[in-house]
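Student: Encoded as structure tokens, here's the structure I'll be asking about.
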Amino acid sequence: YPFGMRHDRSTATNHYLYNGKELNTDLGLDWYDYGARWLDVETGRWSAIDPLAEKFDSWSGYHYAVNNPINYIDPNGKSGVAVIEGGKITVTSVIYFYGSGANKNVAVNTAKGIADTWNEPGGKISFEGKSYSIEFKIVGVAVSEKFAEMKANHNSTPLNNFVRIGDGKKLVVSSSSFWKGNSNAGYFTTQDIAKSKTTPAHEMGHGYDWYDASEPDPQHDNTIKGGIPGLMTQRGVPVADKYGYGSQPSGRKTLNPGTRKVLQSDVQNIVNRVTKDGKGTLMLGKVSNIILNENGTEK
């Protein structure tokens, strides 16, 4: 059922069910453990009041996902969480898209484009002296700005990211899509999303705490391999004609962002950013929980 109640009462040993949370059957309560609070799936309500309920007085302090579990989720996790299983590393991220350009299709397709782009190289990466395959999994959810703000106020770790989507006409901090420094927040323009999936994937690279001290601009990597510009190459870099804008003179073209490709070195650099929390959980990115205005400034 939508709020997590099971269709049957089987005795299956897997208790990690709805949203991957553990179902606790002690005393016959059948509540899900979300860490800070317990979720009663029969009523779709939390066991305790929202500690920030006073900031959202139009909603009950006990509701789950604004009473809309079909469109909204309330995951609890770490821009990305990395999990090692066997010879594979899986990097999972959740992006909450809000703003005038955000809707379900845009959220799903943008998230898929980011994942497809980062997964394109395949191959192996090295982590702690061992070789692994790697997969990026990105979940995109379209939410209202008010919901994004509420979620950000609750968030304490970097799986959850908050990205405004708009036409960019009111931007005062940038003329295109951008990521807000070392954080889990950004702004994607509808034009950049429509033109190429590489721009959202590039910005997500910043969300994965991209930093390359060998570059003049540590937030970018202008590596050109076999003439191909890597994903973290910045706009304005001179490139071969086939990777530049068609309107520019031959021999003097600069990067067309849509021609960027994820290089194996790009993926390895992301893995090099992985850190561990006190419990040994592998994490990528920093937490700021910033919500942006239409003009790109912080709320």
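Since every read-out is calculated from the coordinates, none of them should be taken as a lab result. Values in this document were obtained by computation on a predicted structure and should not be read as measured data. For neighbour counting, all protein chains shown are included, and Cβ atoms are generated from backbone atoms with ideal geometry for every residue, glycine included.
Student: If each of Lys112 and Lys137 carries a label point 7 Å out from its Cα toward its Cβ, how far apart are those two points in nm?
Tutor: 1.7
Student: With θ set to phi - 60°, apply the Karplus curve 6.51 cos²θ - 1.76 cosθ + 1.60 along the stretch 142-148 and write out the HN-Hα couplings as whole Hz, x wherever there is a Gly or Pro.
Tutor: 8, 9, 6, 4, 5, 5, 4
Student: Residues of the stretch 232-246 with the amide nitrogen closer than 18 Å to a label point 7 Å from the Cα of Arg252, along Cα-to-Cβ, please.
Tutor: 236-246
Student: Counting other Cβ atoms within 10 Å, keep those with at most 15, restrict to DSSP loop, and tell me which trypsin sites (Lys or Arg not before Pro) in the stretch 82-147 are left.
Tutor: Lys124
Student: Quick one: net charge of Lys112's neighbours, Cβ under 11 Å, K/R +1, D/E -1? Mind dumping the intermediate values first?
Tutor: On the way: positive: Lys137, Lys197; negative: Asp116.
Here the count lands on +1.
Student: OK, next. Whose amide H sits under 5 Å from the amide H of Glu135, counting only residues 5 or more places off or on another chain, with H placed in the peptide plane?
Tutor: Ile89, Thr90, Val91
Student: Can you flag which of Lys88/Lys242; Lys137/Lys286; Lys195/Lys299; Lys104/Lys137; Lys130/Lys151; Lys104/Lys151 are past 25 Å Cα-Cα?
Tutor: Where the Cα-Cα span goes over 25 Å, the pairs concerned are Lys88/Lys242; Lys195/Lys299; Lys130/Lys151.
Student: Right, something else. By per-residue mean of other Cβ atoms within 10 Å, what is the highest-first order of 158-170, 190-202, 250-262?
Tutor: 158-170, 190-202, 250-262
Student: Further, regarding this structure: Using a Debye calculation, one point per C-alpha and no hydration shell, please list log10 I(q)/I(0) for the stretch 144-271 at q = 0.10, 0.11, 0.18, 0.22 Å⁻¹ in order.
Tutor: Once normalised to I(0) and log-transformed, intensities are -0.35, -0.42, -1.04, -1.37.
Student: May I ask you to evaluate 6.51 cos²θ - 1.76 cosθ + 1.60, the Karplus curve with θ = phi - 60°, for each residue of the stretch 200-208 and list the ³J(HN,Hα) values in order in whole Hz, giving x for glycine and proline?
Tutor: x, 5, 4, 5, 5, x, 5, x, 7
Student: Report, by chain and number, residues whose modeled amide H sits under 5 Å from the one on Ala102, excluding near sequence neighbours (fewer than 5 apart, same chain).
Tutor: Ile165
Student: OK, next. Would you mind checking the pairs Lys21/Lys276; Lys21/Lys170; Lys21/Lys169 and listing those with alpha carbons more than 32 angstrom apart? Spell out each step's value before the answer.
Tutor: Values: Lys21/Lys276 21 Å; Lys21/Lys170 40 Å; Lys21/Lys169 41 Å.
Table pairs above 32 Å Cα-Cα are Lys21/Lys170; Lys21/Lys169.
Student: Then there's this: What number comes out for the charge environment of Asp192, summing +1 per Lys or Arg and -1 per Asp or Glu over other residues with Cβ under 14 Å away? Intermediate values should be presented prior to the final figure.
Tutor: Values: positive: Arg164, Lys169, Lys195, Lys197, Arg235, Arg260; negative: Asp167, Glu203.
My count for the surroundings of Asp192 gives +4.
Student: Round to a whole angstrom and tell me the spacing of the C-alpha centers of the stretch 151-183 and the stretch 228-299.
Tutor: Cα centroid of the stretch 151-183 versus Cα centroid of the stretch 228-299: 15 Å apart.
Student: Give, in nm to one decimal, the length gained when the segment between Ser100 and Val172 is fully stretched (0.36 nm per residue of separation minus the Cα-Cα distance).
Tutor: 24.2 nm
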